[in-house]
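Read through the structure below, which is laid out as structure tokens, and then see the notes.
Here, each number is a calculation from the coordinates, and none is a lab measurement. Fair warning: this is a prediction, and the values are worked out from it, not measured in the lab. Cβ placement follows ideal geometry from the backbone for every residue including glycine, while neighbour counts extend to all protein chains displayed.
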Amino acid sequence: MSSTVAAVESAESGPDEVENVYRKVTRRIIPFLFLAWILAWMDRVNIGFAKLTMLEDLAFSQAVYGLGAGVFFIGYFFFEVPSNLLLMRIGARKTIARIMICWGIVSSLQMFVEAPWQFYSLRFLLGAFEAGFYPGVILYLTFWYPTKRRARVFGQFMAASAVAGVIGGPVAGMIMTGLGGTAGLAGWQWLFLLEGIPSVIVGVWAFFYLTDKPEQAGWLSDREKAVLKEDLEHHHEAGGAREHSFLAALRDPKIWLLISIFFCIIFGNSALTYWAPTIIKDLGVESTFWIGMISAFPYLAGAIAMVANGRHSDKTDEHRYHTGLAALLGAISLAFVAVLGSYPLLAMIALTLATVGTMSAIPVFWQLPDRFVAGTAIAGSVALINSIANLAGVGAPWFLGVVKDATGELSLGLYGVAAVESMAIVLIMVFIKKRPKPAA
């Protein structure tokens, strides 16, 4: 290390200087990751809008749709942990570029689906290729932010999934109604084609834009790098002793507790993600365009709630209630969607609150693993938690599809989803202890 850099690192940094460095980091990386997650989410969930006409065109049952929507998460399950461990070796820049280019291509290929096996295969591949993006970003942000700042930035990043719902619904409605029949292609085929292309373009951009680690950031001065390094090391040491071995973390019951909690939350989130357009249609909205427009409102509220819940969690340094009570709100509101099915306006309010509660629980949840693991273990553990818990994304859509086929309604299925999601707060309150405040 040069004497200049050594002198820079030895100088103490004040609070204002630290804040300025983090603001610069946030301006550099969060907007890009936000855009990438919007595209990922739209490519993942546009099947919910394609379903409105695709099932009739291809003579697919509701159960076929539910299973196909969920098969995505089987691909997720098998490839998330390897992808995150690979990110630790080759960096986020190459990993995120690879993931986005591949998922964009597969997303567009869904326009050629004709048989259930093709539908299942491409959904599996979409999950396999996208695997690693979400947990990879969670891991990537731990390189740049200490624990006390992460709930806010996680909320800012994850709010992209809600913004994708705000944008995706109207865009899907316009594409399917405006281009349906053009060049002999159905509206759902145009939807898959046009929403896959931007992901490929942004994937190429990621390779040239992202920086793997703070010390490699040419857009930070030596002084800014030193301030960031000092703050990150200080908070890492303040976190106390945690497990650094991934294999040891696998044997830790607390990791499996976190998997169970996140499974319950994702069970509710997946039901909303893949069935909200159908719920809105069942409330009496027939137009695909208006279903897309109306679906934007719950996600807009969800985006605001994710950022607000994450910010308040950081401010109060409290994560248990911010996760558990948000999930409970989501669960209770989902049950009310079923109860209020005969009252469209009230049911839409309940659907909005279900989205607010469920989505705002997610970014704060990711503060909990940091209590137990660090180092290499955090890379594998985050991916493990996300991959196994996201198997709820297989069960919830398929379960609702089976109920819909059997009864013609979603009410019983929504009660079941609500019951599963409500277990999150029970597991948190009973098994995760309140963290003592550090000594002054």
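Some points to look at:
- Order by protection proxy (mean Cβ within 10 Å, highest first), peptides 147-153, 266-272, 322-328: 266-272, 322-328, 147-153
- Entry note, the chain: relative contact order of 26 percent, from Cα contacts under 8 Å with a spacing of 6+ residues.
- Reducing region 263-279 and region 325-346 to their Cα centroids gives an inter-centroid distance of 12 Å.
- Equivalent ellipsoid of region 253-334: semi-axes from √(5λ) of the C-alpha gyration tensor, largest first, are 29, 17, 9 Å.
- Candidates 195, 114, 56: whichever shows maximal mean-square fluctuation once the chain is modelled as a Gaussian network with Cα springs under 10 Å: 56
- Derived from the Cα gyration tensor, the three semi-axes of the equivalent ellipsoid of region 290-371 are 26, 13, 8 Å, largest first.
- Ellipsoid fit via the Cα gyration tensor, region 15-431: semi-axes of 34, 24, 19 Å, each the root of five times an eigenvalue, largest first.
- Our coupling estimate for region 280-297, obtained by passing each phi through the Karplus curve with A = 6.51, B = -1.76, C = 1.60 and θ = phi - 60°, is 5, 4, 5, 7, x, 8, 8, 5, 4, 4, 6, 4, x, 5, 5, 5, 5, 5 Hz, Gly and Pro reported as x.
- GNM result for the chain, Cα springs below 10 Å: residue of 128, 217, 36 fluctuating most strongly: 217
- Compared with the dominant Cα axis of the chain, that is its longest principal axis, helix 47-58 is turned about 30°.
- Take the Cα of residue 194, step 7 Å toward its Cβ, do the same at residue 59, and the gap between the two points is 3.0 nm.
- For region 100-114, 3J(HN,Hα) computed residue by residue from phi via the Karplus equation (6.51, -1.76, 1.60; θ = phi - 60°) reads 5, 5, 5, 5, x, 5, 5, 4, 5, 5, 5, 5, 9, 4, 10 Hz, glycine and proline entered as x.
- Helix 116-130 and the long axis of the chain differ in direction by around 10°, with both axes built from C-alpha atoms.
- Derived scalar couplings ³J(HN,Hα) [region 350-366; Karplus, 6.51 cos²θ - 1.76 cosθ + 1.60; whole Hz; x for Gly, Pro]: 5, 5, 5, 5, 4, 5, 4, x, 5, 6, 6, 6, 5, x, 6, 3, 6
- Ranked by the mean number of other Cβ atoms within 10 Å of their residues, highest first, the peptides 78-86, 159-167 fall in the order 159-167, 78-86.
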